[in-house]
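Colleague: Below is a structure I'd like to ask you about.
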Amino acid sequence: MPIRVYKLKQLPTFFLAFEADLTIIPVLNKIDLKLARPDLVKKQIENLFDISSSDILKISAKNGIGIDDVLQSVIEKIAPPPGSMDKPLKMLLFDSWYDQHRGAIANILVKDGTVSKGDIVKSAHSGKSYQVQELGIMHPDPVVVPQFVALGQGWRLGFLGLLHMDVFNQRLEQEHNTSVVMTAPNVPYKVKIIGTKNIKSYQGEEITILNPCQLPNASIIAEIEEPLVLGTIITPDEYLSRIIKLCLERRGEQVDQSYIDDTRIMFKVILPLNEIIVDFF
């Protein structure tokens, strides 16, 4: 049975790397598949790329087979980048994105010098300066840099509801023997700061607060904004009064109401997200 091994876009990449005299580490993946023929494919790679079959690493990323051999091969065969810690700081920004909960996150390559939390760095392109709030290391093992104030390391996850969260928790405990501490969800608040000195200290006139302990002193707060949702509720008319009462107790504001048939009512209400995120029932 013929086996197609290579994608067309991979061949030009290999020859570009080969012509540039770059170190090439051949790796054969997915050896755990039932139809895998690793020995046959190794011979194909040897004939096509003139690479000794003894140099080809066999791995299964899914099952974790051979991963350590790949990492060790990278360490042994690829030289570390040149640089000196004694020189002025020089970094290459190669990727960045915005995280709703942590702000701007940048992946950087430190070519010279050192960088620490609290340092002020300057962009050679824009000329703007920034303070380093957090530092982390890209590592094969999970290395979580952000920490919640009270509980240390953690992740922020979203669920479809309390039942979904409970099922997720039970599966972690039953299938992976992992104990999980679930904390109450929160929502971001936007706080506007007054005072030139205060704005400079917080690096902006408007900041996002995710934890009450991060809230500035009330004397320098001009305004606090919270997220709102426009909810559409469909209910039998016999429950209308109780549902409206619930909405009003949660600081809701009804904006529309109409019958969709003889017994059911649809109405819209504006509610603060913080009031309905956990126990709106």
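The values are calculated or read from the model by the stated rules, or taken from the named source; none is laboratory data. Because the structure is predicted, anything quoted here is derived from the model rather than measured. No Cβ is skipped: glycine too gets one built from the backbone with ideal geometry, and neighbour counts run over all protein chains shown. For the accessible areas, the whole protein counts, side chains as well, though only heavy atoms, and no ligand, DNA or RNA atoms are used. Shrake-Rupley method; radii C 1.70, N 1.55, O 1.52, S 1.80 Å.
Colleague: Would you check if Leu210 is surrounded by 10 or more Cβ atoms within 10 Å (Cβ to Cβ) and either at pLDDT below 90 or of a type in the set (Ser, Thr, Tyr) (or both)?
Modeller: yes
Colleague: I would also like to ask the following. Within segment 243-280, track down each residue that is open to solvent by 80 Å² or more (accessible area, probe 1.4 Å), within 30 Å of Asp166 (Cα to Cα) and either touching a residue at least 24 places away in the same chain (Cβ under 8 Å) or touching a strand residue (DSSP E or B) at 6+ places or on another chain (Cβ under 9 Å) (or both).
Modeller: Selection gives Leu248, Arg251.
Colleague: How many residues does segment 256-268 contain that are of a type outside the set (S, T, N, Q) and either under 32 Å from the mean Cα position of the chain (by Cα) or in a loop (DSSP other than H, G, I, E, B) (or both)?
Modeller: Final tally of qualifying residues: 3.
Colleague: Same structure, new question: When segment 171-201 is examined, which residues are found to be farther than 17 Å from Glu225 by Cα, open to solvent by less than 100 Å² (accessible area, probe 1.4 Å) and not hydrophobic (A, V, I, L, M, F, W, C)?
Modeller: Once the filter is applied, which keeps residues that are farther than 17 Å from Glu225 by Cα, open to solvent by less than 100 Å² (accessible area, probe 1.4 Å) and not hydrophobic (A, V, I, L, M, F, W, C), segment 171-201 yields Glu173, Thr178, Thr183, Pro185, Gly195, Asn198, Ser201.
Colleague: Further, regarding this structure: Here's a check for you: in segment 118-145, which residue that is modelled with pLDDT under 75 and out of contact with any strand residue (DSSP E or B) (no Cβ under 8 Å at 6 or more places or on another chain) is most open to solvent (accessible area, probe 1.4 Å)?
Modeller: Per the criteria, the residue is Pro142.
Colleague: Among the numbered criteria (1) modelled with pLDDT of 85 or more; (2) surrounded by 10 or more Cβ atoms within 10 Å (Cβ to Cβ), which single criterion is violated by Gly154?
Modeller: Evaluating Gly154 over (1) modelled with pLDDT of 85 or more; (2) surrounded by 10 or more Cβ atoms within 10 Å (Cβ to Cβ) leaves (1) as the failure.
Colleague: Being more than 12 Å from Val191 (Cα to Cα) and of a type in the set (Asp, Glu) is the filter here, so list the residues in segment 221-244 that pass it.
Modeller: Those that are more than 12 Å from Val191 (Cα to Cα) and of a type in the set (Asp, Glu): Asp237, Glu238.
Colleague: Now, a different point. Looking at segment 12-35, I want the residues that are farther than 24 Å from Lys62 by Cα and have a partner that is of a type in the set (D, E, K, R) and open to solvent by 90 Å² or more (accessible area, probe 1.4 Å) with Cβ atoms under 6 Å, at least 6 apart or on another chain. Which pairs are those?
Modeller: Within 6 Å, the pairs are Thr23/Lys77.
Colleague: Restricting to strands (runs of 3 or more DSSP E) lying wholly in segment 173-245: which have 2 or more residues that are closer than 22 Å to Gly103 by Cβ?
Modeller: Working: elements: 189-193, 206-209, 221-225, 228-236.
Filter on segment 173-245 gives 189-193, 206-209, 221-225.
Colleague: What is the number of the single condition among (1) more than 29 Å from Val132 (Cα to Cα); (2) of a type in the set (Asp, Glu); (3) touching a residue at least 40 places away in the same chain (Cβ under 8 Å) that Glu226 does not meet?
Modeller: (1)
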